[in-house]
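Have a look at the structure below, then the notes.
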Amino acid sequence: MLFDDPLGYAKLLLQLYREGKASFGSVKFNLSDAVKKGIVCRLNCQFVNSKDPILDYTAEHSYVIDFDEIIDKNELLKMFRNSFSNFEEKFEFRKLGTILQNEKLRPLDETVIDLESVLPLLV
């Protein structure tokens, strides 16, 4: 459907979003209640020598959460810490063979994470 009729597909998605139901040909679609919610942590580091890039590494780590599960500040902070830990582990591998092989990432600065603006999105 997406490849055969991209405009029809886009119209279907818009109608689903606006009305909660739509049809495409003889097929009818109805949205169910949400059962999951999620968050994605996107981290990036860039190293340059003068203007020449040495390493530009971006990674995403996602979490899928049951809709009725309550996420508090401590749980959210654990998610950020875990994402950073995974990012750091992969960075350690990616820097091998570059002039960065003896460099470390700065530790996660938790004071710059605005938990108060993220928590309402997970209600």
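The values are calculated or read from the model by the stated rules, or taken from the named source; none is laboratory data. What you are looking at is a predicted structure, and each value in this text was computed from that prediction instead of being measured. Neighbour counts are summed over all protein chains in view; Cβ atoms, including those assigned to glycine, are modelled from backbone coordinates with ideal geometry. Note: areas computed on protein heavy atoms with side chains; ligands, DNA, RNA excluded. Shrake-Rupley method; radii C 1.70, N 1.55, O 1.52, S 1.80 Å.
Sorted by packing (mean other beta-carbon atoms within 10 Å per residue), highest first, where do 25-34, 42-51 land?
Per-residue mean Cβ counts within 10 Å order the peptides as 42-51, 25-34.
Using the Cβ of LYS73 as centre and a radius below 14 Å, the other residues enclosed give a net charge of -3, where K and R count +1 and D and E count -1. Bridging of LYS37 to lysines at a Cα separation below 22 Å is possible for LYS21, LYS73, LYS78, once same-chain residues fewer than 8 apart are set aside. Where the accessible area of region 1-77 is counted over protein heavy atoms with a 1.4 Å probe, how much of it, in %, is carbon and sulfur? Answer for region 1-77 is 52 percent, counting heavy atoms of protein chains only.
Summary: within the chain, the longest segment free of GluC sites (Glu not before Pro) located in DSSP loops with at most 15 other C-beta atoms within 10 Å is 1-68. When the helices of the chain are scored as -39500 (n - 2.57) per DSSP H run of n ≥ 4 and the total is divided over every residue, the value at 222 nm lands at -10500 deg cm²/dmol. Positive contributions from Lys and Arg (+1) and negative ones from Asp and Glu (-1), summed over other residues with Cβ under 13 Å from the Cβ of GLU88, come out at +3.
If a spin label sat at a point 7 angstrom from the Cα of ASP4 along the line to its beta carbon, the backbone N atoms of region 17-31 nearer than 15 Å would be those of 24-28. For the chain, the Kirkwood estimate of hydrodynamic radius, built from reciprocal distances between every pair of different alpha carbons, is 18.3 Å.
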